[in-house]
1. State whether one or more residues within segment 156-178 are in a helix (DSSP H, G or I), touching a Gly at 6+ places or on another chain (Cβ under 9 Å) and under 15 Å from ALA106 (Cβ atoms).
2. Looking at segment 90-116, I want the residues that are of a type outside the set (Val, Ile, Thr) and have a partner that is part of a helix (DSSP H, G or I) and surrounded by 20 or more Cβ atoms within 10 Å (Cβ to Cβ) with Cβ atoms under 6 Å, at least 6 apart or on another chain. Which pairs are those?
3. Identify the single condition in (1) within 22 Å of ASP101 (Cβ to Cβ); (2) out of contact with any Phe, Trp or Tyr (no Cβ under 9 Å at 6 or more places or on another chain); (3) of a type in the set (Gly, Ala, Ser) that ALA167 does not satisfy, given that it satisfies every other one.
4. Which residue is farthest from GLY42 (Cα to Cα), if the candidates are limited to segment 172-200 and must be exposed (fewer than 15 other Cβ atoms within 10 Å of the Cβ) and more than 20 Å from the chain's Cα centre (by Cα)?
5. Quick check, is VAL165 touching a strand residue (DSSP E or B) at 6+ places or on another chain (Cβ under 6 Å) and not acidic (Asp, Glu)?
6. When only residues in segment 12-24 that are at pLDDT 95 or above and out of contact with any Ser or Thr (no Cβ under 9 Å at 6 or more places or on another chain) count, which is surrounded by the fewest Cβ atoms within 10 Å (Cβ to Cβ)?
Amino acid sequence: MGPSLRWGDGSIRRCRRYFRMRVFLDFEASSLRKNGFPVEVGWVFEDGRAEGWLIRPAPGWTDWDERAQAIHGLSRERLAREGESHEAVACRMVDTLSGHDLFASAPSWDGKWLSLLLRAAGLPRHALRLRDTEVAQEEGATALLAGRLPPAEVARIVAGLIDGVRAEAEETAPCHRAVDDAEAERRRWIEVCRRAAETAAALGPFGATTL
């Protein structure tokens with residue numbers, strides 16, 4: 001099935017908001033220069049559902065860095081041949097992701113590509129907003145530990161869990177393909193929450209033990 005173009009279908013968006021989820025998102029780009037543009041987007045819901053799109057460049061999107069191509073492996077010829085129009089991808093994102101909590105590992109860069117894609121499609125640039133993946137990790141771990149220790153101690157432990165998972169993740173190079181990298185972010189969130197749950201189980205009720 002091709003991408004949906006039903007930007008105005010409010011019933012769909014309301015239904016999706018009812019089942020609000022975390023979604024981890026990643027873009028690949030033509031370059032990191034001022035006039036770079038998105039060439040691929042992928043996202044993974046917290047339950048593992050994933051979707052990815054190659055983006056056919058919009059008119060005027062011409063900046064290209066061969067070094068960026070060497071990293072993600074996507075050529076202009078492949079985008080022209082296999083990519084979906086930027087309008088279709090933008091509308092699909094808004095249809096699918098509105099009402100969910102969106103996270104990215106580099107929200108400043110990914111937010112730039114998201115804003116450019118939405119504006120090029122004639123959609124509001126803030127129709128979708130991104131937060132840092134580590135915010136999702138912090139929120140999830142804090143919720144699991146809340147009430148078992150004083151807030152300052154919970155914050156200290158959560159920061160340590162996030163630092164540990166980040167350090168382990170940095171030992172493996174990213175794939176530099178959008179869905180794969182978004183899935184890696186989801187797995188890091190899961191791992192932080194798993195460690196937080198283990199810590200909470202070891203602590204028992206509030207004040208029962210100390211780490």
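The values are calculated or read from the model by the stated rules, or taken from the named source; none is laboratory data. Note that the structure is a prediction, hence the values are computed from the model and not measured. Note that each Cβ is placed from the backbone with ideal geometry, even for glycine, and that neighbours are counted across all protein chains shown.
1. Yes, segment 156-178 contains at least one residue that is in a helix (DSSP H, G or I), touching a Gly at 6+ places or on another chain (Cβ under 9 Å) and under 15 Å from ALA106 (Cβ atoms).
2. ALA90/LEU117; ALA90/LEU118; PHE103/THR133; PHE103/ALA136; ALA104/ASP110; SER105/THR133; SER105/GLU185
3. (1)
4. It comes out as GLU198.
5. no
6. MET21
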